[in-house]
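Colleague: Please read through the structure below; I'll follow up with questions.
The values are calculated or read from the model by the stated rules, or taken from the named source; none is laboratory data. Predicted, not measured: the structure shown is a model, and the values here were computed from it. Virtual Cβ from ideal backbone geometry, glycine too; neighbours counted across all protein chains shown. What goes into the accessible areas is simple: the full protein's heavy atoms, side chains included, and nothing from ligands, DNA or RNA. Shrake-Rupley method; radii C 1.70, N 1.55, O 1.52, S 1.80 Å.
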Amino acid sequence: MIVKIVSKNFDIENSHKLEVAVKNGRYSSLNKLFTMTPEEVTKEVIASGLRGKGGGGAATGNKWQLIPDEHEKPTYLVINADESEPGTFKDRQIMEYDPHLLIEGIINSSYAIGAHHAYIYIRGEYVFWAKRMQEAIDEAYEVGYLGEKIAGHDYALDLTLHRGAGAYICGEKSALLESLEGKRGHPRLKPQQKEPEWFFGGPTVVNNVETIASVPYIINEGFEAYRAHGTDCSPGTMLFGLSGHIKNPGVYELPFGVSMTEVIEKIGGGVKDGKKLKAVIPGGSSCAILRADEINDITLDYESLQEHGSSLGTGGMIFIDEDTSIPESMKNLFEFYHHESCGQCTPCREGCGWVDKILGKILKGKGSLKDYDTMLDACEMLNGKTICVFAPSVAYIADSYLAKFKNEFDVLCKE
Ligand SMILES: Cc1cc2nc3c(=O)[nH]c(=O)nc-3n(C[C@H](O)[C@H](O)[C@H](O)COP(=O)(O)O)c2cc1C
Ligand code: SF4
């Protein structure tokens, strides 16, 4: 079931060191890369069907094509290594075990979009991973994989690592760019039409770590090799994270389209301590929760999760056993969302707080039937009237908890 494309070198001793990385194929795509035009690289990525692994699943190559042909300021590539979504811990595996794969992907992708300066925006709390990544960047500069004339070719690229300061919202691409420009990390209003992002006035692509780490394989092996895995609409593989009440938690690279129940049994080893499964959050905490009886036909791809009323998100699956209180786990999540709302939009700033406070009241045994309805009202208010998708996502999560586990709220909300 496991297919190793991005995680191929994870188990090799000292795989993060340049010498070992090069011996095991890192930077091998560069020879082929520089025989291709940037347009050919983009076309290869489009043909592979590679989709963004940061949560939204947008088509990567098509996003690169949004960079206009003519523009005054330089083009940038920005790598989103903010990884703050609860249940998500895959990008740090790449930065820990194969940082040179990420750098190789950054060279491939920057060349495709015409960027000569790329940035990695890394989560503030990832102190170890920032150090590991910086060491790899330094090694790459020393031998000429970064800087002027990359690997002797007529192409220059600088790479800067920037540490965030611990705000979840800075994972949202426009907030990330604001923060990287030295401003407060607030999401920007988005235009109606499709556009690139903008960084210091230059057209910019923001991509997730795993997305970019998938590119060297596509360049080296060709788009058909990538498409040989996964499904038609969700080609290739993803690093799936298993956490919560599961016997074998961890990160596993699997082709899209595998059965969720098989993954739980064969990879995860089943629910911990022989208990029954109550629920699954399938792709990081911003996905609708699923009851155990809803997952039987689910396959791990964007389409199947959507058909079943949730989403694949970041692929970080959180398993919840029969003894866990859903109102308590919802409270835990809402403390997080309440704290992390950036506060620009009143419905989000106030709404997340209301739901958090009402859940606190209910868990103290002071809940009434009206409280359940007030939470539903707050969710309606959060939906669609805000600058970024944080608030609608929170509404969508809360709705799923309230609707699917109403019985547990009924017990707590008495009159
Ligand atoms: C609240 C919020 C938090 C996000 N956090 C992350 C994150 O930590 N890492 C990430 O890659 N994308 C995150 N995203 C998605 C990014 O905005 C963006 O879509 C993504 O980095 C694009 O890369 P991709 O196309 O390669 O997935 C977040 C989005 C939202 C709304
Ligand atoms: S929806 Fe929430 S997180 Fe997004 S901009 Fe508004 S207040 Fe900030």
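Colleague: Can you tell me which of Gly353, Gly365, Gly360 is surrounded by fewer than 20 Cβ atoms within 10 Å (Cβ to Cβ), in contact with a Lys or Arg (Cβ under 7 Å, 6 or more places away or on another chain) and small (Gly, Ala, Ser)?
Modeller: Gly360
Colleague: Is there any pair linking a residue in region 226-237 that is over 16 Å from Thr211 (Cβ atoms) to one that is open to solvent by 50 Å² or more (accessible area, probe 1.4 Å) and not polar (S, T, N, Q), with Cβ under 6 Å and at least six apart or on different chains, and which?
Modeller: Within 6 Å, the pairs are Cys233/Glu303.
Colleague: In addition: Only strands (runs of 3 or more DSSP E) wholly contained in region 133-218 count here; list those with 1 or more residues that are β-branched (Val, Ile, Thr) and crowded, with 22+ Cβ neighbours inside 10 Å.
Modeller: Correct list: 202-208.
Colleague: Based on this model, can you work out whether Ile320 counts as closer than 18 Å to Glu408 by Cβ, in contact with a helix residue (DSSP H, G or I) (Cβ under 8 Å, 6 or more places away or on another chain) and not in a helix (DSSP H, G or I)?
Modeller: The answer is yes for Ile320.
Colleague: Okay, moving on. Scan region 242-251 and tell me whether some residue there is closer than 22 Å to Ile94 by Cα, touching a Lys or Arg at 6+ places or on another chain (Cβ under 8 Å) and in contact (Cβ under 8 Å) with a residue 60 or more places away in the chain.
Modeller: Yes.
Colleague: So which residues in region 93-107 are surrounded by 24 or more Cβ atoms within 10 Å (Cβ to Cβ), away from ligand 1 (no atom under 14 Å from the Cβ) and assigned to a helix (DSSP H, G or I)?
Modeller: Scanning region 93-107 gives Pro99, His100, Leu101, Ile103, Glu104, Ile107.
Colleague: Among the residues of region 240-286 satisfying the criterion of being part of a loop (DSSP other than H, G, I, E, B) and under 30 Å from Ile169 (Cβ atoms), which is most open to solvent (accessible area, probe 1.4 Å)?
Modeller: Ranking the qualifying residues of region 240-286, first place goes to Pro249.
Colleague: Then there is this: Go through region 378-405 and give me each residue that's at pLDDT 95 or above and surrounded by fewer than 15 Cβ atoms within 10 Å (Cβ to Cβ).
Modeller: Ala403
Colleague: Another question, then. Please determine, by comparing only the residues of region 64-92 that are surrounded by 22 or more Cβ atoms within 10 Å (Cβ to Cβ) and within 8 Å of ligand 1 (Cβ to nearest atom), which one is farthest from Gln134 (Cα to Cα).
Modeller: Out of the qualifying residues, it is Thr88.
Colleague: Here is a further query. Could you count how many residues in region 13-38 are of a type outside the set (S, T, N, Q), open to solvent by 30 Å² or more (accessible area, probe 1.4 Å) and touching a residue at least 40 places away in the same chain (Cβ under 8 Å)?
Modeller: Matching residues across region 13-38 total 6.
Colleague: Got at least one residue in region 308-319 being open to solvent by 10 Å² or more (accessible area, probe 1.4 Å) and either farther than 17 Å from Ile397 by Cβ or modelled with pLDDT under 95 (or both)?
Modeller: Checking region 308-319: not a single residue is open to solvent by 10 Å² or more (accessible area, probe 1.4 Å) and either farther than 17 Å from Ile397 by Cβ or modelled with pLDDT under 95 (or both).
Colleague: Another one. Taking the condition of being open to solvent by 20 Å² or more (accessible area, probe 1.4 Å) and within 16 Å of ligand 1 (Cβ to nearest atom), how many residues in region 219-229 meet it?
Modeller: So the answer is 0.
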